[in-house]
Amino acid sequence: MNGWRGYDEVAETYERVHAPRTSLVAADLVSEAKVGPGQRVLDVGAGTGVLTAAAQEATGPDGIAAGVDPSVSMLVVGKRHRDGIRLAAAEAIDLPFRDATFDVVTAGFVLSHFTKYDTALFDMIRVLKPGGLLAAATWAETEDELQTTWRGLVEDVTTKEMLDDAIRRAMPWEERFRDPARLEDTLRDAGLHPVRVERREYRFRMSLDDYVAGRETTASGRFARDMLGPAGWEQFRERAHAAFREQFADPLTDFRDVLLAFGTKPRD
């Protein structure tokens with residue numbers, strides 16, 4: 001995906017700041033999905049390959065784990081940091097694999113980004129073997145003081161209406177997949193059975209500067225960067241870092257709730 005809605009321009013920062021956090025969730029998702037030696041796993045929306053690498057470790061030398069993502073820059077950064085993982089550029093709505101190829105399909109923090117989530121889920125389920133498992137992770141319905149502070153800073157240089165519209169364009173299904181009941185219903189409606197969704201709390205320890213850098217890679221940050229231009233963006237970044245240093249301890253602990261969802265493709 002090109003333009004501010006894509007991740008090409010923030011790939012290096014995304015890897016540095018978010019990979020240590022998402023690796024914790026990736027390990028849990030792979031463990032709960034019971035990925036084992038010799039299995040075939042596809043990671044959709046792989047980004048820099050954190051979840052792909054976790055799946056590869058679990059499948060061992062006799063299995064295969066592959067990741068796909070539309071951002072070539074994210075894949076390049078991922079290959080540089082995780083030598084040996086299989087990554088390819090592809091869209092979730094048109095996966096370049098035959099029907100019933102994989103034992104497990106994973107989707108880490110990507111469902112909310114799809115323009116047509118039902119079409120993406122259809123293709124993800126298509127490449128699953130009968131009896132195979134779809135395992136997904138999404139951010140849950142939580143907004144803390146850290147997020148509220150960041151949003152207020154961005155609204156100061158845009159407007160609430162502009163920011164809400166930008167987030168809807170970048171992540172049109174964010175609200176849907178933050179709700180465990182709606183997430184479960186979506187997977188059931190896609191034809192998966194049984195389906196289970198569980199909520200887990202994670203604690204991420206990081207410096208204030210890394211936290212703000214991570215916010216800069218989000219949809220709101222990418223939109224503000226595109227709208228403000230280079231000079232305006234640098235001024236905004238200085239204000240943001242100063243505001244966080246004034247209000248919060250350094251380093252900080254970021255508490256985030258995550259939904260882990262699992263659905264099985266029927267054998268009939």
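Details
- Among all residues of segment 186-208, there is none that is part of a helix (DSSP H, G or I), surrounded by 17 or more Cβ atoms within 10 Å (Cβ to Cβ) and of a type in the set (D, E, K, R).
- Checking each residue in segment 115-151 for being in contact with a helix residue (DSSP H, G or I) (Cβ under 9 Å, 6 or more places away or on another chain), exposed (fewer than 15 other Cβ atoms within 10 Å of the Cβ) and within 27 Å of residue 202 (Cα to Cα) picks out 141, 142, 143, 145.
- Within segment 37-59, the set of residues being part of a loop (DSSP other than H, G, I, E, B) and either free of Cβ contacts under 8 Å to residues at least 24 places away in the same chain or β-branched (Val, Ile, Thr) (or both) comprises just one member, 48.
Quick grid of which residues meet (1) at pLDDT 95 or above; (2) under 24 Å from residue 129 (Cβ atoms); (3) not aliphatic (A, V, I, L, M):
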| residue | (1), (2), (3) |
| --- | --- |
| 12 | yes, no, yes |
| 22 | yes, no, yes |
| 53 | yes, yes, no |
| 72 | yes, no, no |
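- The numbered conditions (1) buried (at least 19 other Cβ atoms within 10 Å of the Cβ); (2) part of a helix (DSSP H, G or I) are all true for residue 162 except (1).
- Test: residue in segment 74-88 that is buried (at least 24 other Cβ atoms within 10 Å of the Cβ), under 23 Å from residue 175 (Cα atoms) and in contact with a helix residue (DSSP H, G or I) (Cβ under 6 Å, 6 or more places away or on another chain): no
- Among the residues of segment 73-92, those that are over 17 Å from residue 30 (Cβ atoms), in a helix (DSSP H, G or I) and not hydrophobic (A, V, I, L, M, F, W, C) comprise 73, 79, 80, 81.
- When segment 93-114 is filtered for residues that are hydroxyl-bearing (Ser, Thr, Tyr) and either surrounded by fewer than 22 Cβ atoms within 10 Å (Cβ to Cβ) or part of a helix (DSSP H, G or I) (or both), the ones remaining, listed by number, are 101, 112.
- No other residue among 198, 246 is at pLDDT 95 or above, acidic (Asp, Glu) and closer than 22 Å to residue 135 by Cβ apart from 198.
The values are calculated or read from the model by the stated rules, or taken from the named source; none is laboratory data. Small disclaimer: the values here were computed from a predicted structure and weren't measured. Neighbour counts are summed over all protein chains in view; Cβ atoms, including those assigned to glycine, are modelled from backbone coordinates with ideal geometry.
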